[in-house]
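Each remark here refers to the structure printed beneath this line.
Just so you know, all these numbers are worked out from the coordinates, no wet-lab data involved. Everything numeric here is computed off the predicted structure, so don't read it as measured data. Reconstructed Cβ throughout: ideal geometry from the backbone, glycine too, with neighbour counts over all protein chains shown.
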């Protein structure tokens, strides 16, 4: 029987050593986020995006350099918020999602110490135990996932090292991440954000300005984001004010050139809105729930006369109509449908067939679209949960890890 307390001391020592090393100052703060547990009978190492678990026998079989690599590996999963942001990739293909996350992290760690003077990827029978491929340099998790998926469809292998099952030496507790409450997720996001910013400052203080540069995917998480809800409200107000009241306090400039003084029209409510919700296979329940809550909030704010709620994937899967009396029940009464491919032009075709003539269109999607369409006859706003931009209409981007 292994001495569990001895293993616990090894894990603690690994963390302390890493926090003291200037090479890893960037990650010093993240090492303190969440709880760390050493567990008998646990096969490898694992995180739920907040807490870490290390199996006693697994740790006992690692060298000190390998243990420090594994500890950093688990904490980079936390730093990148992999198990929260990329849940939809896991729902689509668990193995490829695990592989994509590990490829990104292992290459970052390998590049930090390529000669393995301080940290080293675990070995199994003398060979690297884990996923490492330099062709994924500079790519984020979704980009690696897409390449792996393409290779899988073509029947090709991927990676030049560490092909053993899905190739990972740890486990990813996706289910445990989903068990975190909404408040716990928000608290975790605040803690991770603060830890990374503190780590970046520490790295720059040690090595000078320019040091502590973060991988692009991680840096994007720390960039201030546009308040997409405000953009949404402004778009609705700007494009579909139902000018249903007049005022002589403000002269209508259109008629001045004809020496006519007419009142300006003031909108007291907006008119008819179509909201198209992407329910293709790449969209998760969290995104749908947040979208619907925001649709209700915006509807209550701008008071539309009518909302056509359309669920779409490669076809229109559902169509619901709401008026001011039924809008308050939208979130509770709606029935999202879909789950197939992705083709937003089906909404345009459907609107034409059903003679739906709104003042504006709002499309909520993850942006993984090959055909955006070019026949949208009304002002259209795309609310996109990735960094893609629609070639038609106006786009606003929000992150996958929605609040």
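Go through 73-82, 16-25 and give me the packing order, highest mean Cβ count within 10 Å leading.
73-82, 16-25
Using per-residue counts of other Cβ atoms within 10 Å, averaged over each peptide, order 130-138, 83-91, 375-383 from highest down. Before the final figure, lay out the partial values.
On the way: 130-138: 17.2, 83-91: 21.8, 375-383: 18.9.
Packing order, densest peptide first, comes out as 83-91, 375-383, 130-138.
How much length, in nm to one decimal, is gained on full extension between residue 374 and residue 333, taken as 0.36 nm per residue of separation minus their Cα-Cα distance? All intermediate terms of the calculation are to be shown ahead of the outcome.
Details: separation 41, 0.36 × 41 = 14.76 nm, distance 3.25 nm.
Going from the current span to full extension adds 11.5 nm.
So how much slack lies between residue 13 and residue 193, counting 0.36 nm per residue of separation and subtracting their Cα-Cα distance, in nm?
Gain on extension, residue 13 to residue 193, equals 62.3 nm.
Rounded, prolate or oblate, given the Cα gyration tensor of the range 1-93, with a/c below 1.5 counting as rounded? Provide the component values of the computation, followed by the final result.
Numbers: a/c = 2.19, a/b = 1.24, b/c = 1.76.
Oblate shape, in that a/c is at least 1.5 and b/c is the bigger or equal ratio.
Using mean Cβ contacts within 10 Å as the protection proxy, how do 385-398, 176-189, 97-110, 353-366 order, highest first?
The packing order, highest mean first, is 97-110, 353-366, 385-398, 176-189.
Neighbouring Cβ atoms within 10 Å as the yardstick, rank 197, 337 fewest first. Each step should come with its number before you reach the end.
Values: 197 12, 337 15.
With the sparsest Cβ surroundings first, the list reads 197, 337.
How long is the gain from residue 95 to residue 353 if the chain were fully straight, where each residue apart is worth 0.36 nm and the alpha carbon distance is subtracted?
On the way: separation 258, 0.36 × 258 = 92.88 nm, distance 4.14 nm.
Length gained between residue 95 and residue 353: 88.7 nm.
Grab the beta carbon distance between residue 206 and residue 303, set R0 = 60 Å, and tell me the FRET efficiency rounded to 0.05. Intermediate results must be reported in sequence, preceding the final value.
On the way: r = 55 Å, r/R0 = 0.92.
For residue 206 and residue 303, the calculated efficiency is 0.60.
Can you give the FRET efficiency for residue 2 and residue 123, using 1/(1 + (r/R0)^6), R0 = 22 Å, r = Cβ-Cβ distance, to the nearest 0.05? Don't jump to the answer; show the numbers that get you there.
On the way: r = 20 Å, r/R0 = 0.91.
It comes to 0.65.
Pairs of alpha-carbon atoms within less than 8 angstrom and 6+ residues apart define the contacts here; what relative contact order does the range 4-222 have, in percent?
Working: 315 pairs, mean separation 56.9, N = 219.
Answer for the range 4-222 is 26 percent.
Between residue 32 and residue 386, what is the FRET efficiency for a Förster distance of 25 Å, r being their Cβ-Cβ separation, to the nearest 0.05? List each step's numbers first, then the result.
Working: r = 31 Å, r/R0 = 1.22.
Approximately 0.25, to the nearest 0.05.
At what distance in nm do the modelled label points of residue 182 and residue 21 sit from each other, each positioned 7 Å from its Cα along Cα→Cβ?
The answer from the label model is 4.1 nm.
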